[in-house]
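Student: Got a structure for you, written out below as structure tokens; questions coming shortly.
The values are calculated or read from the model by the stated rules, or taken from the named source; none is laboratory data. No experiment lies behind these values; they were computed from the predicted model shown. Cβ atoms come from the backbone with ideal geometry, glycine included; neighbour counts cover every protein chain shown. In case anyone asks, the SASA skips ligands and DNA or RNA and just uses the protein heavy atoms, side chains included. Shrake-Rupley method; radii C 1.70, N 1.55, O 1.52, S 1.80 Å.
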Amino acid sequence: MTAPTRSRLPPEARRSQLLDLGVRLLATRSLDELSVDLLAEEAGISRGLLYHYFGNKHDFREAVVRRAADDLIAQTAPPPGGDPLERLHASLAAYVDYVLANFEGYVSLLKGSAGGSEAVRAIYEEVRGVLSERIFTEDPDGEFIADTPHNRLVVRGWSALTEELVITWGTDRRAGRATVTREELLEVITGALPALVRPPSAG
């Protein structure tokens, strides 16, 4: 009886498969703990083959962070149409769920953006920029939030506030400390934005 043959994936498909595995591993590990050895072991391949796909460990980690960032942006896209505040709430709910499901990796990304490589910092800033810019691109007529220098500054600060609140909430929740419910958290961060910005009529 002959052994079943393993199908050979094209290089890009195999690389994408390895990135998906890297993102799953990053969900429960810090970026520093995401090693080439770990991924090679989990994937059942040699280190040499992994280096063939990613060059070196820095390129590998950067590629995994990039894939995770793309996943975050995609998963937090607001639903099409509907009330702007309800769409914001849905997007923030997806963000909270993403952070909670990928907590170790997300916190590691924040730390890496503060003192890590330039590449990781650039990816983090890009993600924050996309999530902030979405407030305006999803409301091009300014019905919810007028696109003004004042409001852009406020949205930037609100994004940092949201990030801090979600991380603190997740840390307390994981440690078993008393904290607000998920819906209470969403009520705070969703309601904070319209309370801070100038209404469209105020220019």
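Student: Take the solvent-accessible surface of the protein heavy atoms, probe 1.4 Å, and return the percent of it on segment 97-203 that carbon and sulfur atoms account for. Display every interim value, and only then the final one.
Tutor: Details: 3140 of 5620 Å².
The value for segment 97-203 is 56 percent carbon and sulfur by accessible area.
Student: Shifting gears a bit: Jot down the per residue volume, in cubic angstrom and as a whole number, of the convex hull over the alpha-carbon atoms of the chain.
Tutor: Convex hull of Cα atoms, per residue: 165 Å³.
Student: Dividing the convex hull volume of the Cα atoms of segment 1-90 by its residue count, what figure in Å³ per residue is obtained? Present the calculation step by step, with values, prior to reporting the outcome.
Tutor: Working: hull volume 14.2 nm³, N = 90.
Hull volume over Cα atoms, normalised by residue count, gives 158 Å³.
Student: Using only the C-alpha atoms of segment 102-202, find the volume of their convex hull and express it per residue in Å³.
Tutor: 111 Å³
Student: Order the peptides 89-97, 166-174 from the highest to the lowest mean number of other Cβ atoms within 10 Å of their residues. Walk me through the numbers on the way to the answer.
Tutor: On the way: 89-97: 18.0, 166-174: 15.7.
Top to bottom by mean Cβ count within 10 Å: 89-97, 166-174.
Student: Taking θ as phi - 60°, what are the ³J(HN,Hα) couplings along segment 138-143 by the Karplus curve (6.51, -1.76, 1.60), each to the nearest whole Hz, with x for Gly and Pro?
Tutor: Per residue, the Karplus-derived 3J(HN,Hα) values read 7, 9, x, 8, x, 5 Hz.
Student: Same structure again: Compute log10 of I(q)/I(0) for segment 82-154 with the Debye formula, placing one identical point scatterer on every Cα and leaving out solvent, at q = 0.13 Å⁻¹, to two decimals.
Tutor: Once normalised to I(0) and log-transformed, intensities are -0.50.
Student: I would also like to ask the following. Calculate how steeply helix 11-26 sits against the longest principal axis of the alpha-carbon atoms of the chain, using the helix alpha-carbon long axis, and give the answer as 0 to 90 degrees to the nearest 10.
Tutor: Compared with the principal axis, the helix lies near 60 degrees.
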